[in-house]
1. Check segment 28-42 and report whether any residue there is of a type outside the set (A, V, I, L, M, F, W, C), in contact (Cβ under 8 Å) with a residue 12 or more places away in the chain and exposed (fewer than 15 other Cβ atoms within 10 Å of the Cβ).
2. Quick test of your reading of the structure: GLU221 fulfils all but one of (1) assigned to a loop (DSSP other than H, G, I, E, B); (2) modelled with pLDDT of 95 or more. Name the failing condition by number.
3. Going through segment 103-124 one residue at a time, which ones are without any contact (Cβ under 8 Å) to a residue 40 or more places away in the chain and of a type in the set (Gly, Ala, Ser)?
4. Pick from segment 251-271 the residues that are touching an Asp or Glu at 6+ places or on another chain (Cβ under 8 Å) and surrounded by 14 or more Cβ atoms within 10 Å (Cβ to Cβ): which of them is farthest from ILE136 (Cα to Cα)?
5. Check segment 48-63 and report whether any residue there is modelled with pLDDT of 95 or more, buried (at least 18 other Cβ atoms within 10 Å of the Cβ) and within 14 Å of the chain's Cα centre (by Cα).
6. I need the helices (runs of 4 or more DSSP H) fully contained in segment 73-167, keeping only those with at least 3 residues that are surrounded by fewer than 23 Cβ atoms within 10 Å (Cβ to Cβ).
7. If I filter segment 168-195 down to residues being closer than 15 Å to ILE17 by Cα, surrounded by 14 or more Cβ atoms within 10 Å (Cβ to Cβ) and not acidic (Asp, Glu), which single residue comes out as farthest from the chain's Cα centre (by Cα)?
8. Keeping to segment 8-66, report how many residues are within 29 Å of LYS277 (Cα to Cα), part of a strand (DSSP E or B) and of a type in the set (Lys, Arg).
Amino acid sequence: MKITVDAPAKINLFLDIVGKLDNGYHSLFMVMQSVDLCDTVTVEAAESGISLTCSDERLPCNEKNIAYKAATAFFKKADIEPAVKIHIEKRIPFAAGLAGGSADGAATLVALNRIFNNVLSKEELLKVGLSVGSDIPFCILGGTMLAQNTGGVLAPLTPLKDCFIVLSKPDRGVSTPQAYADADSAHIYHPDCMRMLDACEKGDFENICRYAGNVFEQVVEVPERVEIKEIMRSYGTSLCQMSGSGPTVFGLFDNEANAISCLEKVKKICPDSFLAKPVNHGASVK
């Protein structure tokens, strides 16, 4: 049996660090949005073991890969002997703040659960995902969601209105642990989470753009960010900000022609730039 799953990327419309937990992890308040830029994960039953291949040779195809970790955790929880082949067709840039690895992990879990006759409940699948990566539960469910604590507390919000999203990833990496460490040592301005939540619940696009924010922009240095934002604003973006701990910057546009023109311009700075739209689902079987 072979299952193919679309694995959408995500953007953070809002990201605030609200505290540090006793276990060293950070408690977050986020509004997350799935977009139609996606990887494709194909999973099929095998005779034994876990084998993983990927279209991007830069990514590890062993136990360091999140999809491999997700498969391992699934088989352990389901008490099934590992026997699966996984292939990832990579389109989401990695180390981008777009949850590309988590999306692959989520798709792997969804596919495995389908292959093995839904042996795990949705709640169990989400818990397995959270044990592997904090963004995986959201990537399983997807859409427009409030995510709290370490990512395991999720609540659906009114879907983001239909719009056009330009994603632009500078050619640099960001260390997420270092980003958190820098945030811990800095005096952070916290955006208004309650006004943002109210705007999201009402589906108030204007106020979503007004109250959006990402505290990592205060501590993560991405030199290209200023120029990318200037370009996006020149083409009439309603909101432009960084996603996750970066370095990807996204812009929301009402007008498709403006979004396409903006994309053409930012591609000259960052070849890894894409045009996307919001979607109301996470990992989905094709």
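The values are calculated or read from the model by the stated rules, or taken from the named source; none is laboratory data. Just so we're clear, the structure is a prediction, and the values are computed from it rather than from any experiment. Note: ideal-geometry Cβ built from the backbone for every residue, glycine included; neighbour counts use all protein chains shown.
1. Within segment 28-42, the first condition is being of a type outside the set (A, V, I, L, M, F, W, C), and the residues that meet it are 33-34, 36, 39-40, 42.
Pick out the ones that are also in contact (Cβ under 8 Å) with a residue 12 or more places away in the chain and you get 33-34, 36, 39-40, 42.
When the remaining residues are screened for being exposed (fewer than 15 other Cβ atoms within 10 Å of the Cβ), the result is none.
No, every residue in segment 28-42 fails to be of a type outside the set (A, V, I, L, M, F, W, C), in contact (Cβ under 8 Å) with a residue 12 or more places away in the chain and exposed (fewer than 15 other Cβ atoms within 10 Å of the Cβ).
2. (2)
3. From segment 103-124, those without any contact (Cβ under 8 Å) to a residue 40 or more places away in the chain are 105, 113, 116-118, 121-123; that's our starting set.
If the condition is that a residue be without any contact (Cβ under 8 Å) to a residue 40 or more places away in the chain and of a type in the set (Gly, Ala, Ser), then GLY105, SER121 are the ones that fit.
4. The initial filter retains those residues of segment 251-271 that are touching an Asp or Glu at 6+ places or on another chain (Cβ under 8 Å), namely 269-271.
From the residues that got through so far, the ones that are surrounded by 14 or more Cβ atoms within 10 Å (Cβ to Cβ) too are 269-270.
Details: ILE269: 30, CYS270: 27 Å.
Ranking the candidates gives ILE269 first.
5. No, segment 48-63 has no match at all.
6. Working: elements: 100-115, 122-132, 136-141.
Passing ranges, in order: 100-115, 122-132.
7. ILE188
8. 1
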